[in-house]
Every structure is written in structure tokens, then in C-alpha cells.
1. Which pairs turn up if I take residues in the range 167-191 that are closer than 21 Å to HIS260 by Cβ and touching a residue at least 12 places away in the same chain (Cβ under 8 Å) and look for partners that are among the acidic types (Asp, Glu) and assigned to a loop (DSSP other than H, G, I, E, B) with beta carbon separation below 6 Å, at least 6 apart in sequence or on another chain?
2. Search the range 315-368 for residues being modelled with pLDDT under 95 and among the aliphatic types (A, V, I, L, M), and hand back the single one that is surrounded by the fewest Cβ atoms within 10 Å (Cβ to Cβ).
3. Please determine whether any residue of the range 358-376 is within 30 Å of VAL51 (Cβ to Cβ), of a type in the set (A, V, I, L, M), outside any loop (DSSP other than H, G, I, E, B) and in contact with a Gly (Cβ under 8 Å, 6 or more places away or on another chain).
4. Does ILE381 meet the test of being aliphatic (A, V, I, L, M) and surrounded by fewer than 16 Cβ atoms within 10 Å (Cβ to Cβ)?
5. Yes or no: GLY231 in contact with a His (Cβ under 8 Å, 6 or more places away or on another chain), farther than 30 Å from GLY311 by Cβ, surrounded by 16 or more Cβ atoms within 10 Å (Cβ to Cβ) and not assigned by TED's automatic domain parsing to the domain that holds GLN349?
6. Consider the range 359-411. How many of its residues are touching a Pro at 6+ places or on another chain (Cβ under 9 Å) and among the hydrophobic types (A, V, I, L, M, F, W, C)?
7. I need the full set of residues from the range 142-161 which are among the hydrophobic types (A, V, I, L, M, F, W, C) and out of contact with any Lys or Arg (no Cβ under 9 Å at 6 or more places or on another chain), in order please.
Amino acid sequence: MGKKKVAFYTLGCKLNYAETSTIARKFSNLNYEHVSFNSCSDIYVINSCSVTKKADTEFKYMVRLFLSKNAKAFIIAIGCYAQLNPKEVSYIRGVDLVLGYEEKFQITDYIDRVFLLKRYPAKIISRNTYYSYFSSYSIGDRTRSFFKIQDGCDYKCSYCIIPMARGYSRSESIENVLKQIKFLFNKGVKEIVLTGINIGDYGKKIYGNHERRSYTFFDLIQAIDQIKEKGRIRLSSIEPNLLREECIEFLSKSKHFVPHFHIPLQSGSNYILKKMQRRYGRELYQEKVKIIRYFIPDAYIGSDIIVGFPGETHRHFLETYHFLKKLEISSLHIFSYSQRPNTTSIYLQQEKVSKKIQWKRNKILRGLSKQKYSSFCERQIFTKKTVLFEKNSINNEYLYGYTENYIRTKIFSNPIFRNTLQEVFLTKLDKDGVMIAKPFL
């Protein structure tokens, strides 16, 4: 009997990518052949997201797409959408197995059980109030690895459903983090992205230790920077109230950590931030940006913004726009507010902002983001940077990668540069917002 073909598709955050890769490795020593999700497969595993309604819709689209490739395919749903709405997901035509947070890490056992009993669609969903911690990292398909150091969130932002899917904040031990980073660098990984739901909250409920706080995020980055193995380390999103000045100053002198921060703001209006139940005001955010610019002038600073939150008037939006315009950040990720079930923002629907207005505000901030990114990149022209080159253009004319401060860069293709760190000289920003570089000799 030939090997069954299995394909994986990931929606959502970097943490999902780390977990998908970890789950995929469970198939490696079994009678399965890994194939691309673009090809015909016997089994498709979709790691879902539920941060917005759009993510739910995209999941349904992918199910239809995979059925068009193989009408008899066995489709498995995992991830936040599967955990939060198992009944709804199981009723989607083509979905055969729905696994919850705990169970997805024993996916091959459940596949065998379902095939043996020939009962599907099947729903196997965690109902535990205690969430385990499963170490996860991506490796094998690229020289950048996403490594989970923390999971869950104790914050209660009024728009966010993720704490209901991921549980309370809990972390990997420092010993295991250091061991895993060394392993990944020794495997040839050139850059590791530390991921989690709320990485600045690192240290709560260390896995295997029920003490509430064993370490802090500052303890973690200090320990990581002492390892001898060579490689870059990048932080994923971190809350502004958890990014302390001592961390920023330390990172400015680090031998491993690159000058890249992604700090969600969500709104430039204190009134809206309060309705969102965020744990800071715009003044604190502005202060953190100033501190970063003081210690690391060329650092990339990205941010998240939600437009059209219930109660956001034109005046509140203008507050956000003008605040962002003056703020020395590098780019924005803009999201239109999406109502999620069981979140407290549902009770604000009498103040709902129309989709048309949301779209207009989104478009305005996308334009502002483009201006800010171009301005940030232009300040880096004629400077030397180190780029991790990862992939070729379709016609193989260029090789693409990112600088340490997250500028997308291209160079005339050279096979020996792929999957390597190379010093380059930045020369020009092209019409698509990609920096053109040449080797630094």
C-alpha cells in the first residue's frame, strides 16, 4: 500500500506557522508523503485563525479549493476557529475532522482512530480549563524559523477572541528556550523569530512550574544574548506597556537581537483605547517610540491599528491619523473592526461604524503607512546592511531578503547568496517599495 499524501495550510499568525511545522513533523516518521497544498493530496490539514470574520471566510474558501483538487480528500481543521466554533466548522461541507487545542498535537493518533471507526465528520475538542504548553518551532523549508516561547493571554481586550481560544498566559522555560535556539542555529537556521500571543508577558506559569512568575521577558533576552552560536533573533509583536526601557536599552547593544519592533497601538484616541480595554494610553506609546529612537535611531517600528471600532467618530479617527502622522514609526498594519462572538465589544453595536466608513478610514491609513515606509527606507539609502536572502523572483533575475531592520531588499540573483547573510550597500528604492542593493565589497 502506497504512502498517503498529506498537505498543510496555515492561516493567521507566526505562532500558527510554528505549530503547523511542529505538527507536520509528526507525520515524518509515519507512512505519509508530504506534498504542497497546491497539489492533489489525500489529507489536507488547515490550521485556522479566528481573529477576524475574514479569517473564518478564508478557511471555508480553502476547504472548497482543496475539494476541487481532490473531491475525496480527508480535510482536518485545527487552530483557533476549530477550537472556538467546532460545531460550525464540522458542518462545513468537506470537513472530516475537527481537533481542539490539546488534541491537534496528537493528530496522527486521531486520524488513525477516525479511519479505523470510519466515523466522520468528527469533532474532538478540548474543554479543559487548563491548557497545556506544547513547544513548537518551524524548520526545514527556510532559513528563518518561528519559535514559540509563550502562549495564551490574560488580557481582556474588548474586541479580541484569542484568549478564549488560547487560554491563559504560559511560557516555555528559559532552559528549554536556550536549548532550542542553540539547536536551530546548529541546524543552519540563520534567523529565529520569537513568537507567542503576548511575548512581553513571558514568565507567567513556566511550563512544568506552577509558580506565577519565575522569570521576566528581560531575564529571557539577557539569557539568550549570552549564547555562543551565531545567528539573528527577531521579536514578534510586543505590547507597549510590557516593553520596558531597560529592555530597549539592552536590545540596542545586543549581539543577536535585530533592531525591529512591532508594537500594536490599535487607536490614537485615548477614548477608543479605553473602550477597547487596552492597558495604556497614547502618551505611553509615544514615549516608547521616543525611547527606541533615542537608543536605536534606525530601528524598524511597526504597529497595528483597528479602524471603525464601535463609537469611533470622525473626530476620533482624525485623532488617530494626526497622532500617527507625527509618530516616528516605519509602517502600519491596518485592520477594519470585526465583531467576534462572546467579546464585550458586541455590547457596543449601537455605536457601530458602517463598512463603507471603515473602508475609507482603512484606505487613508494604508496611504499613510506607505508614505511612512518609503520615508523610513529612503533614510537608509547609501548605508551598509546585512540581508538574509531567501527566495528568487519568478524569472530568477533577483534574489530577495530582509535587512536586520526589516527592509525588503533585492539584489541581482547570485546562487551562492541564497539562504545566507550578506553585507550589502543599499542604493535605491524601486517603484514597488523594495530596496535595491549591491554586494558590499
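The values are calculated or read from the model by the stated rules, or taken from the named source; none is laboratory data. Owing to the predicted nature of the structure, the values given are computational and were not obtained by experimental measurement. Glycine gets a Cβ as well: all are built from the backbone with ideal geometry, and neighbour counts include every protein chain shown.
1. Every condition considered, the pairs that remain are PHE185/GLU229.
2. Here the residue is ILE346.
3. Checked against the condition, which is being within 30 Å of VAL51 (Cβ to Cβ), of a type in the set (A, V, I, L, M), outside any loop (DSSP other than H, G, I, E, B) and in contact with a Gly (Cβ under 8 Å, 6 or more places away or on another chain), the range 358-376 yields no hits at all.
4. yes
5. Yes, satisfied.
6. 2
7. Within the range 142-161, PHE147, ILE149 qualify.
This table checks each residue for (1) in the same structural domain as TYR155 (by TED's automatic domain parsing); (2) among the polar types (S, T, N, Q); (3) touching a residue at least 60 places away in the same chain (Cβ under 8 Å); (4) within 16 Å of GLN277 (Cα to Cα).
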| site | (1), (2), (3), (4) |
| --- | --- |
| GLU328 | no, no, no, no |
| THR343 | no, yes, yes, yes |
| GLN350 | no, yes, no, no |
| LYS363 | no, no, no, no |
